[in-house]
Amino acid sequence: QVQLVESGGGLVQPGGSLRLSCAASGTIFSINAMGWYRQAPGKQRELVAAITSGGRINYADSVKGRFIISRDNAKNTVYLQMNSLKPEDTAVYYCNADAGSAWYRSRNYWGQGTQVTVSS
């Protein structure tokens, strides 16, 4: 199985920055894609950013130009650099990975989530 461990959340003032990290471990044959979702109280979970094994990246419109997703393949880690944070970014951020334990087997995995609070 694959485990995802997130870190980097916290409290930050509007306009500030945070960097989230998510490290994947366990039985990993390949990681097809990794990404970040977020869920605010009373709202549905939404995709924030994702990056594929080929380096293709997708951002939610609300974070384009402010957030940067990147990965370190050697560490099986994905990062989310969040700049110019807004109160609307407040949410629990979840790491997601589409990972395979073999070439013919893949599934989605989720981290526990890390709280990001943007407040003055």
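The values are calculated or read from the model by the stated rules, or taken from the named source; none is laboratory data. Predicted model only: the values in this text are computed from it and were never measured. Quick reminder, even Gly has a Cβ in these numbers, built from the backbone with ideal geometry, and neighbours come from all protein chains shown. For the accessible areas, the whole protein counts, side chains as well, though only heavy atoms, and no ligand, DNA or RNA atoms are used. Shrake-Rupley method; radii C 1.70, N 1.55, O 1.52, S 1.80 Å.
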Worksheet item: Of the chymotrypsin sites (Phe, Trp or Tyr not before Pro) in segment 12-120, which ones lie in a loop per DSSP and count no more than 10 other C-beta atoms within 10 Å?
Response: 103, 104
Worksheet entry | Protein accessible area in the chain, 1.4 Å probe - carbon and sulfur % | 46
Worksheet item: Roughly what would the spin-label model give for residue 84 and residue 3, points 7 Å off Cα along C-beta, in nm?
Response: 3.8
Worksheet entry | FRET efficiency for residue 102 and residue 52, using Cβ-Cβ distance with R0 set to 30 Å, rounded to 0.05 | 0.95
Discussion item. So if I place +1 on the C-beta of Lys and Arg and -1 on the C-beta of Asp and Glu, and nothing else carries charge, what would the dipole magnitude of the chain be about its Cα centre? I want it in debye, nearest 20.
Written reply: 120
Worksheet item: Once you mark the trypsin sites (Lys or Arg not before Pro) that are in a DSSP loop and have at most 14 other Cβ atoms within 10 Å, what is the longest gap between them in the chain?
Response: 65-120
Worksheet entry | Selection from 34, 14, 50, by position along the positive dipole direction of segment 1-69 (Cβ) | 14
Worksheet item: What FRET efficiency, computed as 1/(1 + (r/R0)^6) with R0 = 25 Å and r the Cβ-Cβ distance, is obtained for residue 68 and residue 13, rounded to the nearest 0.05?
Response: 0.80
